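What follows is one structure encoded as structure tokens, with my remarks underneath.
The values are calculated or read from the model by the stated rules, or taken from the named source; none is laboratory data. All of these numbers come straight from a predicted model, not from anything done at the bench. Don't worry about glycine lacking a Cβ; one is built from the backbone with ideal geometry, like all the others, and counts go over all protein chains shown.
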Amino acid sequence: MVTKEIEEQDGLSRRLFLTGTAAAGIGSLAVEMASFSAEASTQVAAADVASLPRVKQELVAPPFFPEHDQVAKGGPKVVEIRMVIEEKIMVLDDDDAEIWALTYNGSVPGPMVVVHEGDYVELTLVNPASSAMEHNIDFHASTGALGGGGLTHVSPGEECVLRFKATKAGVFVYHCAPGGAMIPYHVTHGMNGAIMVLPRDGLKGKNGEPIRYDRAYYIGEQDYYLAKDEDDEYIRYDTAGEDYADYMETMATLTPSHIVFNGAVGALTGDNALKASVGETVLIVHSQANRDTRPHLIGGHGDHVWESGSFTDAPQTGLETWFIAGGAAGAATYTFRQPGIYAYVNHNLIEAVLKGAAAHFVVDGEWDDDLMMQVKKPTPI
Ligand SMILES: [Cu+2]
């Protein structure tokens with residue numbers, strides 16, 4: 001049905017395609033909820049929020065975090081962020097497989113946002129006139145129908161502002177959810193990211209002891225469903241959205257062509273490997289907006305792991321592999337004790353090795369023979 005409408009390209013069909021409301025179900029629900037939520041949102045006690053200090057957070061491309069305090073300074077703030085939607089070709093692997101990625105700020109995943117519990121997040125979402133499609137954003141960290149999705153539909157050439165109170169401490173996914181089949185289509189074209197809502201007094205262990213980190217990295221795992229032609233080559237398209245009909249078929253197989261970290265195979269290996277030193281504690285936030293995954297640091301552990309992503313719960317300790325449910329983010333800390341190159345993988349090893357879900361940590365420092373040593377080199381038996 002949708003395919004036919006795209007081919008027709010008349011004004012109405014184009015609009016339906018852009019909004020995703022051509023597909024029945026969640027699409028129409030979203031529209032109804034949008035008007036309902038918009039009404040409710042006008043009742044917000046704007047006066048209280050207006051008295052709060054405002055700070056701008058400069059978002060940066062993953063795997064890096066924006067500058068932030070681990071322990072909040074002062075009371076709640078309004079944290080202003082800006083995301084510009086970018087539809088762009090991204091090369092996914094060494095074989096030049098490519099996709100018209102749908103992105104927040106040009107990266108897959110979108111940028112990490114960091115606030116403290118009780119802060120307000122105020123997002124300006126910009127959809128440039130050059131875009132082909134309508135987009136929006138659903139914050140799993142927020143409270144209110146559709147996570148802001150109903151209040152943020154921006155057509156090409158529009159921008160909007162959404163404010164929500166970060167009432168839940170934890171790490172959470174955000175993603176585009178325009179309606180109907182466009183929801184998985186946009187999410188599996190890269191349109192997702194994560195936000196970290198820290199407790200105001202910082203992260204804590206089982207016994208309330210403070211947990212601090214020296215570095216923080218954001219790993220967004222992404223499944224793509226590229227279509228191939230009759231010669232077994234990935235199909236290339238001239239414009240964003242042109243792959244829609246083919247992609248609907250490949251998505252329905254539930255079999256990704258690629259499962260990668262940070263947008264593409266090799267995005268976090270080689271020159272792009274994550275850096276750390278022996279003795280440093282690294283916070284790793286891992287998100288997967290669509291599909292279950294199971295991070296594992298080969299040669300290390302999860303010292304503290306918030307598997308569900310909720311900082312309200314005490315972290316688990318000493319994990320070998322942890323589970324991140326599709327549609328969620330999780331957090332883990334690890335203090336490196338040995339130098340070397342560590343692979344950080346989705347420990348479905350087929351997905352890591354054959355599909356691409358692997359990163360490297362390059363760790364410098366002194367080797368500790370007590371922890372590990374080669375007692376005898378390989379020699380003939
Ligand atoms: Cu979108």
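Observations on the structure shown:
- Selected residue (criterion: surrounded by the fewest Cβ atoms within 10 Å (Cβ to Cβ)) from residues of the range 135-154 that are within 13 Å of the ligand (Cβ to nearest atom) and within 28 Å of Tyr217 (Cβ to Cβ): Asp138
- Yes/no for Glu209 being of a type outside the set (Val, Ile, Thr), in the same structural domain as Ile324 (by TED's automatic domain parsing), surrounded by fewer than 22 Cβ atoms within 10 Å (Cβ to Cβ) and over 17 Å from Val91 (Cβ atoms): no
- Entirely in the range 181-263, the strands (runs of 3 or more DSSP E) that have 1 or more residues that are away from the ligand (no atom under 16 Å from the Cβ) and among the basic types (Lys, Arg): 215-224
- Flag for Glu86 being buried (at least 22 other Cβ atoms within 10 Å of the Cβ) and within 13 Å of the ligand (Cβ to nearest atom): no
- Residue list for the range 72-87, filter: over 19 Å from Ala194 (Cβ atoms), of a type in the set (D, E, K, R) and touching a residue at least 40 places away in the same chain (Cβ under 8 Å): Lys77, Glu87
- Residues of the range 97-112 that are among the β-branched types (Val, Ile, Thr) and assigned to a strand (DSSP E or B): Ile99, Thr103.
- On the stretch given as the range 347-357, residues that are outside any helix (DSSP H, G or I), at negative phi and crowded, with 22+ Cβ neighbours inside 10 Å total 1.
- Selection from the range 113-134 of residues that are within 10 Å of the ligand (Cβ to nearest atom) and either more than 29 Å from Thr239 (Cα to Cα) or part of a loop (DSSP other than H, G, I, E, B) (or both): Ser131, Met133, Glu134
- Residue within the range 58-77 that is touching a strand residue (DSSP E or B) at 6+ places or on another chain (Cβ under 6 Å), more than 16 Å from the ligand (Cβ to nearest atom), over 30 Å from Gly356 (Cβ atoms) and assigned to a strand (DSSP E or B) present: no
- Summed over the range 155-178, residues that are under 17 Å from Gly110 (Cα atoms) and either small (Gly, Ala, Ser) or within 13 Å of the ligand (Cβ to nearest atom) (or both) total 5.
- The single condition from (1) surrounded by 12 or more Cβ atoms within 10 Å (Cβ to Cβ); (2) at pLDDT 95 or above that Glu58 fails is (1).
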